[in-house]
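*Asks:* This is the structure, below, for whatever I ask next.
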Amino acid sequence: MERWWQVRWCFRRLALAAFLLSLIAGLDKVTSGTIHIADGRPAMMFQEPALLPWLTVRRNVELPMRLHKVDTMERNKTANRLLAMVGLIEFADHRPHQLSGGMRQRCALARALAQESELLLMDEPFAALDALTRDQLHDDLNRIWQETGKTIIFVTHNVREAVRLGDRVVLMTPRPGRVAQIWEVDITRPRELDSVEVSGLAHEITGRLRAGAVSNGAQ
């Protein structure tokens, strides 16, 4: 599978974005056409962490491996590696209610990575977080992407977030759901939300929306 990060930005219609990801994940059936996913079923990360409150952070991360009958030694090794990767190794024995919102999302990310899928689907995972926490998680996600080389499809309504994170930004029409335009993001990493380059491309995409060109359908 090609090593790249795709950000898909779905304008206005959150239901469309969620449905698109559910089709890619195989949770809904395609009525026409086909979706080809290399290397098995993708992992998915939702807007809410959806952690099991009675399990510790470590047990939540281990859950996908338990379901796949991974042996105890390998589970522990993988969980430790992933918890260290997301900065939660010191909180491995805590339960979700003892974590901040950003820490819960880090745990959810580690659990998604534990599925060992080459494709990670992310449905506005940082939308409910404060600006500083979201900014830190942008940095963390960029680092983790570089370390793992996974393909990520990231749904967001935040134009600057899409430009900061993505190699590609795909703009979709609200109804019917069509690809309106695709931008290749040739901005050197690491990127900052308030940088001239990110702001400039975000302004261009926002202008595309304001011009009403989205309603014209796919281009």
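Throughout, read-outs are computed from the coordinates displayed, never taken from laboratory work. All values derive from a computational prediction rather than experimental measurement. Ideal geometry is used to build each Cβ from the backbone, glycine not excepted, and the neighbour counts take in all protein chains shown.
*Asks:* Given points 7 Å out from each Cα along the Cα-Cβ axis, report the Ser100 to Arg41 separation in nanometres with one decimal.
*Replies:* 3.4
*Asks:* A further question on this structure: Considering only DSSP beta bridges where both residues belong to the chain, give the percentage that are antiparallel (nearest 5).
*Replies:* So the antiparallel bridges in the chain amount to around 25 percent.
*Asks:* Among (1) -0.55, -0.76, -1.05; (2) -0.30, -0.59, -1.17; (3) -0.30, -0.56, -1.01, only one was calculated for this model; which label is it, if the read-out is log10 I(q)/I(0) by the Debye sum over Cα atoms at q = 0.08, 0.11, 0.15 Å⁻¹?
*Replies:* (3)
*Asks:* Per DSSP H run of at least 4 residues, take -39500 (n - 2.57); add these up for the chain, divide by its residues and hand me the 222 nm value, nearest 500 deg cm²/dmol.
*Replies:* Theoretical 222 nm ellipticity from helices: -13000 deg cm²/dmol.
*Asks:* Which FRET efficiency, nearest 0.05, do Thr188 and Ala211 yield, Cβ-Cβ r, R0 35 Å?
*Replies:* FRET efficiency, Thr188 to Ala211: 0.80.
*Asks:* Apply 1/(1 + (r/R0)^6) to the Cβ-Cβ distance of Ser199 and His157, taking R0 = 22 Å, and write down the FRET efficiency to the nearest 0.05.
*Replies:* Efficiency, from the Cβ-Cβ distance: 0.80.
*Asks:* Please list, by residue number, everything in the stretch 28-58 whose backbone N is under 13 Å from a paramagnetic label point 7 Å out along Cα→Cβ of Phe19.
*Replies:* Only 28-32 fall inside the zone, counting backbone N under 13 Å.
*Asks:* Something else about it: Quick one: if the Förster radius is 45 Å, what FRET efficiency do Asp93 and Gln181 give, using the C-beta to C-beta distance and rounding to 0.05?
*Replies:* Efficiency, rounded to the nearest 0.05: 0.40.
*Asks:* What range in the chain is the longest one free of trypsin sites (Lys or Arg not before Pro) that are in a loop by DSSP and have at most 11 other Cβ atoms within 10 angstrom?
*Replies:* Longest stretch, sites excluded: 70-219.
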